[in-house]
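Asks: Below you will find the structure I want to go over with you.
The values are calculated or read from the model by the stated rules, or taken from the named source; none is laboratory data. Because the structure is predicted, anything quoted here is derived from the model rather than measured. Cβ: placed from backbone, ideal geometry, glycine included. Neighbour counts: every protein chain shown. Note: accessible area is taken over every heavy atom of the protein model, side chains too, but ligands, DNA and RNA are not part of it. Shrake-Rupley method; radii C 1.70, N 1.55, O 1.52, S 1.80 Å.
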Amino acid sequence: MADDVVQRAHWGNLEGQNWAGLARLSTEEAEGELSSGESLEGGSRPRFMTGRDIKSTEEQERDGRHFVESRGGRYVYTYMEPDTSAWKRRRVRLPDGSIGYRVVRPVYEGALEDLKQGKAPNGERVDGLIVYDIDRLTRDPRHLEDAIETVEHYHRPIIDITGTLDLLTDNGRAMARVVVAMANKQSADTARRVRRNHKSRRDRGIPVGGTRPFGWHEDKRTLNPTEAQLIRDAAKRIILGAEWHAIVADWNREGVTTSKGNPWTWIGLRDMMRNPRLCGYRSHVVIEFDPESGREIRHMTIAHDHEGNPINGQWTPILEVSEWEAIQEIIGNGPMRGGGRNSRVYLSTGTLRCGKEDCGAPLRAMKAPPSRGKPEGYFYYVCPAKTTGKGCGGVKVPGPETDELIGKLVIAKYEQEATHREAIKAPQEWLKEAELKIVREDIDDLKKARRERKISAERYYSDLAGYEAEEQQLKRERNAWQRQLLAEQGEPVDMTKEWHKTGVTLAERRSYVERTLTAVIVLPVGSGRRVPLRDRLVPVWAER
């Protein structure tokens, strides 16, 4: 019976059979074109059994349904693969724990598995799979062999409507392997031309396609005056000690949106401030593989020319290089204190810690019972009971009064830093500029010596690691100096005003608390003793 299904499909007789369709569309369909629409190589792009006349997955589904029903079959399900490449390989962790490179198509693999089992996701029996043409099926030889296995050993036909795919005969399978190999080469050639074109555009500082960056007009070159000024003001506020939440909240209150029209988040603001484009440098994305998570990590870095100098972009910068570098010093490489978003509804939750010996548990908020004579909504911060396994239950402080004291601690800390900043002035010139220049010259000399094979690879990498560590340390010191120098040019954050301004949110206040305090230890009191609340709170200041 199974062999009969394959034979009848070969004859074009689908009566009594249930068929599913696979509709794939990939962004790589236009990879050979520039953003302006011109051809990469100055000529037309080759067409090789690719089905590029198909414009959408909906069209593929419609044509597949018509093909099956016109030959007496039932069309029962569609496997949709929008924005899915049948060629690009990704680094993945294999079942045995090793690392490999595979074309990742879970929908395709699921379709073949369903076909082997003879059952579609909607519960319908499925006897065969139809695609528009062989290019819609795959461009990867490994995936083609999976399809051939499904036809040859599970007796489930896979056909197309254009006649370019024949997996039902030995000759057809041999030709399919040739066609897929040629399509695979075409994709590789296109990818190579695209990479070369992108590198050429990058080296010349030409803006790339995509959504316009915030701060510039649609041409990605000329400034949007209103947005550019917002970025400058935000940069100064960050350098002077303002929090990300405060800037984001102000922008959202004023109706400022991203270039895509979405509300701002602190992550969006952080990523924008990390972009070297702000100070005029061309950037590019570097992809690294995280062996622990098995995922690719993308981050943006400055593009350099063949001499190691930063490439300037063909657009008007918004910030000075020194301003941008000072912001990078503030952002750092890890997560930022006071930058996160949480759902806590009490100011000091997560900051207060039990001060009893051998406890140290975080205190949690607990509403006061109405019978205690407290106003509605009154609460306490308490250490969880021993029965919960999360605390000792031996510390309790009034909530509103504790929050008020926490606020005073934050305000006092900012005022102290502002006074310290005024007392200590940064020199107008960084005293180690010549030292940094010498280190960079040593790195250049080392690279030249290695290119000329005057030193061994072991010696090169050993010396390079030391020089780069010294360079990074000097850069951190220079960025800290730049931050201090720029901070002296403006007024420090008036935390009293920020804390009590109209419309300030709990998230904003929490961000200032998290940035200022690592924790606040709440000391216990003996039975019957009365100790002022301020004497029970021991702040642990965050390093800034």
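Asks: List every residue pair whose Cβ atoms lie under 6 Å apart, where the two residues are 6 or more positions apart in sequence or sit on different chains, the first residue falls within segment 129-157 and is part of a helix (DSSP H, G or I), and the second residue, located anywhere, is of a type in the set (Ser, Thr, Tyr) and open to solvent by 10 Å² or more (accessible area, probe 1.4 Å).
Replies: Ile134/Thr164
Asks: Applying the selection to segment 349-397, what residues are in contact with a Phe, Trp or Tyr (Cβ under 6 Å, 6 or more places away or on another chain) and in a strand (DSSP E or B)?
Replies: Those that are in contact with a Phe, Trp or Tyr (Cβ under 6 Å, 6 or more places away or on another chain) and in a strand (DSSP E or B): Leu352, Ala365, Met366, Lys367, Lys396, Val397.
Asks: Moving on. Just one of (1) open to solvent by less than 50 Å² (accessible area, probe 1.4 Å); (2) within 25 Å of the chain's Cα centre (by Cα); (3) within 30 Å of Ile134 (Cβ to Cβ) trips up Arg212, so point out which.
Replies: Status for Arg212: all satisfied but (3).
Asks: Continuing with this model, one more query. For segment 163-179, enumerate the residues that are open to solvent by 60 Å² or more (accessible area, probe 1.4 Å) and either in contact with a Gly (Cβ under 8 Å, 6 or more places away or on another chain) or assigned to a loop (DSSP other than H, G, I, E, B) (or both).
Replies: Gly163
Asks: Can you tell me which residue is most open to solvent (accessible area, probe 1.4 Å) among those in segment 101-128 that are among the charged types (D, E, K, R) and in a loop (DSSP other than H, G, I, E, B)?
Replies: Across segment 101-128, the extreme among qualifying residues is Glu124.
Asks: Looking at (1) modelled with pLDDT of 90 or more; (2) open to solvent by 40 Å² or more (accessible area, probe 1.4 Å); (3) assigned to a loop (DSSP other than H, G, I, E, B); (4) not small (Gly, Ala, Ser), which one does Pro400 not meet, given that it meets all the others?
Replies: Going through (1) modelled with pLDDT of 90 or more; (2) open to solvent by 40 Å² or more (accessible area, probe 1.4 Å); (3) assigned to a loop (DSSP other than H, G, I, E, B); (4) not small (Gly, Ala, Ser) one by one, Pro400 breaks only (3).
Asks: Could you list all residues from segment 447-468 that are more than 20 Å from His306 (Cα to Cα), assigned to a helix (DSSP H, G or I) and touching a helix residue (DSSP H, G or I) at 6+ places or on another chain (Cβ under 8 Å)?
Replies: If the condition is that a residue be more than 20 Å from His306 (Cα to Cα), assigned to a helix (DSSP H, G or I) and touching a helix residue (DSSP H, G or I) at 6+ places or on another chain (Cβ under 8 Å), then Ala457, Asp463 are the ones that fit.
Asks: Still on this structure: Considering each residue of segment 236-247, count those that are open to solvent by 20 Å² or more (accessible area, probe 1.4 Å) and either part of a helix (DSSP H, G or I) or over 16 Å from Val410 (Cα atoms) (or both), and give that number.
Replies: So the count comes out to 3.
Asks: Now for a different question. When residues of segment 86-104 are filtered for being of a type outside the set (A, V, I, L, M) and touching a strand residue (DSSP E or B) at 6+ places or on another chain (Cβ under 7 Å), how many remain?
Replies: Residues flagged as of a type outside the set (A, V, I, L, M) and touching a strand residue (DSSP E or B) at 6+ places or on another chain (Cβ under 7 Å) within segment 86-104 amount to 9.
Asks: Residues Ser85, Ser98: which one is free of Cβ contacts under 8 Å to residues at least 12 places away in the same chain, under 32 Å from the mean Cα position of the chain (by Cα) and open to solvent by less than 70 Å² (accessible area, probe 1.4 Å)?
Replies: Just one listed residue meets the conditions, Ser98.
Asks: I'm trying to understand the selection: among the residues of segment 253-274, which are part of a helix (DSSP H, G or I) and out of contact with any Ser or Thr (no Cβ under 7 Å at 6 or more places or on another chain)?
Replies: Answer for segment 253-274, where residues must be part of a helix (DSSP H, G or I) and out of contact with any Ser or Thr (no Cβ under 7 Å at 6 or more places or on another chain): Arg253, Trp266, Ile267, Leu269, Arg270, Asp271, Met272, Met273, Arg274.
Asks: Could you tell me which numbered condition Asp250 fails, if it satisfies all but one of (1) without any contact (Cβ under 8 Å) to a residue 40 or more places away in the chain; (2) in contact with a helix residue (DSSP H, G or I) (Cβ under 7 Å, 6 or more places away or on another chain); (3) farther than 22 Å from Pro276 by Cβ; (4) part of a helix (DSSP H, G or I)?
Replies: All conditions pass for Asp250, except number (2).
Asks: Considering only segment 1-45, state which residues are at pLDDT below 80, under 18 Å from Ala86 (Cα atoms) and open to solvent by less than 70 Å² (accessible area, probe 1.4 Å).
Replies: Result: Ser26, Glu28, Glu29, Ala30, Glu31, Gly32.
Asks: Criterion first (open to solvent by less than 60 Å² (accessible area, probe 1.4 Å), within 27 Å of Gly72 (Cβ to Cβ) and in a helix (DSSP H, G or I)) does Ala183 satisfy it?
Replies: no
Asks: Looking only at segment 501-540, how many residues end up being exposed (fewer than 12 other Cβ atoms within 10 Å of the Cβ) and either modelled with pLDDT of 80 or more or not in a loop (DSSP other than H, G, I, E, B) (or both)?
Replies: 6
Asks: A follow-up question, please. Does segment 185-206 contain at least one residue that is within 25 Å of the chain's Cα centre (by Cα) and either within 22 Å of Leu129 (Cβ to Cβ) or aromatic (Phe, Trp, Tyr) (or both)?
Replies: Looking through segment 185-206, none of the residues is within 25 Å of the chain's Cα centre (by Cα) and either within 22 Å of Leu129 (Cβ to Cβ) or aromatic (Phe, Trp, Tyr) (or both).
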